[in-house]
1. Please specify each residue of segment 247-265 satisfying the condition of being crowded, with 20+ Cβ neighbours inside 10 Å and either assigned to a helix (DSSP H, G or I) or at positive phi (or both).
2. Under 8 Å between Cβ atoms, at least 6 apart or on separate chains: pull out the pairs that start in segment 65-86 with a residue that is without any contact (Cβ under 8 Å) to a residue 40 or more places away in the chain and end on any residue that is aromatic (Phe, Trp, Tyr).
3. Spot the failing condition for MET456; the list is (1) under 30 Å from ARG93 (Cβ atoms); (2) crowded, with 23+ Cβ neighbours inside 10 Å, and only one is missed.
4. Collect the residues in segment 113-143 that are over 20 Å from LYS268 (Cβ atoms) and touching a strand residue (DSSP E or B) at 6+ places or on another chain (Cβ under 7 Å), keeping them in residue-number order.
5. With the requirement that a residue be surrounded by fewer than 14 Cβ atoms within 10 Å (Cβ to Cβ) and among the hydrophobic types (A, V, I, L, M, F, W, C), what does segment 1-28 give you?
6. Scan segment 558-601 residue by residue and report those that are part of a loop (DSSP other than H, G, I, E, B), among the hydrophobic types (A, V, I, L, M, F, W, C) and within 20 Å of GLY491 (Cβ to Cβ).
7. Within segment 20-37, is there a residue that is touching a His at 6+ places or on another chain (Cβ under 9 Å) and within 17 Å of VAL170 (Cα to Cα)?
8. Filter segment 29-52 down to the residues that are surrounded by fewer than 24 Cβ atoms within 10 Å (Cβ to Cβ) and in contact with a strand residue (DSSP E or B) (Cβ under 7 Å, 6 or more places away or on another chain) and list them by number.
Amino acid sequence: MDKILDSINSPVDMKKLTLPQMLELAKEIRELLIKSVSECGGHLAANLGVVELTLALHYVFDSPDDKLIWDVGHQSYVHKILTGRREDMFTLRQYGGLSGFPKTEESEHDIFNTGHSSTSISAAMGIALARDIKREKHSVIAIIGDGALTGGMAFEALNHAGHAARDLIVILNDNEMSISRNVGALSAYLNRLRTDPSYYQTKEEIESRLSRIPRIGPNIARAAGRFKDMVKYMMVPGILFEELGFTYIGPVNGHNLEELTTVLANAKKMKGPVLIHTITQKGRGYEPARQNPDRFHGVGPFDVNTGTILKKSVKTYTEIFSDFIVEKAAEDEKVVAITAAMKSGTGLGKFAVTYPERFFDVGICEQHAVTMAAGMARTGLRPVVAVYSTFLQRAYDQLVHDVALQKLPVIFAIDRAGLVGDDGPTHHGVFDLAYLRHIPNMTVMAPSNENELLDMFYTAFKMEGPVAIRYPRGVGEGAVISKERTLIESGKAKVLHDGKDLAIIGIGRGVTIGKEVLNILKARGISMLLLDARFVKPLDKDMLCNLARRFTRIVSIEDNCLQGGFGSALLEVFSENRLNSEILRIGIPDEFIDQGKVDILFNYLNMDPKSIVETIIHRWPDLVHTKKQWELLKFGKN
């Protein structure tokens, strides 16, 4: 039997369906979501929760003429399926495939690129204002999750939108509350009443007629208005949004297609800003995701039958940090941990269970998290802020003004540093070295392996002032974890291997790459020194100057942007000390890097070991002394 989904190549096709067919389509979409994400990885739970909501949106509105703006974007997979990308779902988050987020380059139905949270209402407000300036007539709809609504930027946008009173619809996708049958039935009735155009006509007509009656006049009319407001405060659950200038509709059952389409169709006709509060269930339709929505928020490949996630047995950097911070809190009651809605992702889940009174999840509020940590540090606590590199960008001013300026001992555990792979350009943490190293009083470290990660955290707790430790997603070198910790002298690099032909200075993951480069060159008769810088700030200037006097050829390798990054720091040291060594900088070029497995991206960027060897020989061909060496150094791309 043919599937309904096979006939849906655009939202126009879906508008021809009956309600029973739409319900069957929702079932087929869930099947496709589960199968494709089980193979490619991705954000499953949230997308399973918005199937009916997305169907209703595309049934009522006319994308791309009407503008749908998805917050964060990890809830946009169903939108992608309905807008002509169904057959590409098995390329999701793969190199050259579909992005895991809305992407304007990918489809005309993707109105605004998103990947970070709490941006949709601001973007929608800008699009709505542009529409009005250009005297266009389309609808503008922002779809934001309840988690994203914790971000301050969302409230800034709500405040402005309510004040500006432009036609704008905000869908609040609330997937943390259960749907009560009684409340749902009552709210459906109230919503039909409040969204019915005749309600507004009657209300305005009564107010107008009251004000024109001589014996009643404007005073009684105002009294009636106050009575109306009093009733509204008692009856309307979304009074906060009403006070901000929105017409609040909800809660609405986000899995009832008939109710959703009715509410959306009525809201489409309303004037001014409208907020529709929908209740959805994360993971709906797939029991493992429904039972464990956190685990299936962003998930790698998994077994569909059991929900078992397929992963390597080696501990990741995140898991190693997780164990350390729990152990540290056991010996020091001043240790507190802070995250911005990323408890599981940053490895603080175990800490939260073990020390709930010392764990703080502030929601998607990185700015608040950093300044709150500064306040804690001011009183003598030792706060650790665990955050993804790409999200810490949003707290830059707080890093400078509230932490570093006051020399406060806040430790930043910066996860997902460097290229992160499948989540793509919005999540690659390739800017942190550049935006951290120029901040006064800030110490910046990057480990090359698991033991070095632990030694750096051990050292950070011995230091005064702010410390940032950045480490990549996933596993390291697979080193055996030592029980003994080593205190690292501030700013001191470490020579891992001596040589005489050239020197390579690596930082973080660059050291691991450097080791492979060393082995390739060594096998071809080229002698190389390898230095683990360990610190980006302060740099080991004495070591660097000594190297520059020994070597005329120096290579730096970093998993960070070249502009302002680690290699730039080396150039500054060499310039200040009038050293003439040539530096070949290997790192992320001045471009946003697409999604794909990290190894594929390194190959694309010529940052894999073989490509780096080729680049070195091309730069300094005199390193090759014999024809045999030259033949051995010829590589083809994998």
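The values are calculated or read from the model by the stated rules, or taken from the named source; none is laboratory data. Predicted, not measured: the structure shown is a model, and the values here were computed from it. Please note: Cβ atoms are built from the backbone with ideal geometry, for glycine as well, and neighbour counts cover all protein chains shown.
1. Residues satisfying the conditions are GLY250, LEU257, GLU259, LEU260, VAL263, LEU264.
2. SER76/TRP70; SER76/PHE101; HIS79/TRP70
3. (1)
4. Within segment 113-143, just THR114 meets the criteria.
5. Within segment 1-28, MET1, VAL12, LEU19 qualify.
6. Of all residues in segment 558-601, those part of a loop (DSSP other than H, G, I, E, B) come to 562-565, 577-581, 589-597.
Filter again for among the hydrophobic types (A, V, I, L, M, F, W, C), leaving 562, 579, 592-593.
Residue satisfying the conditions is LEU579 alone.
7. No, segment 20-37 contains no residue that is touching a His at 6+ places or on another chain (Cβ under 9 Å) and within 17 Å of VAL170 (Cα to Cα).
8. SER38, GLY41
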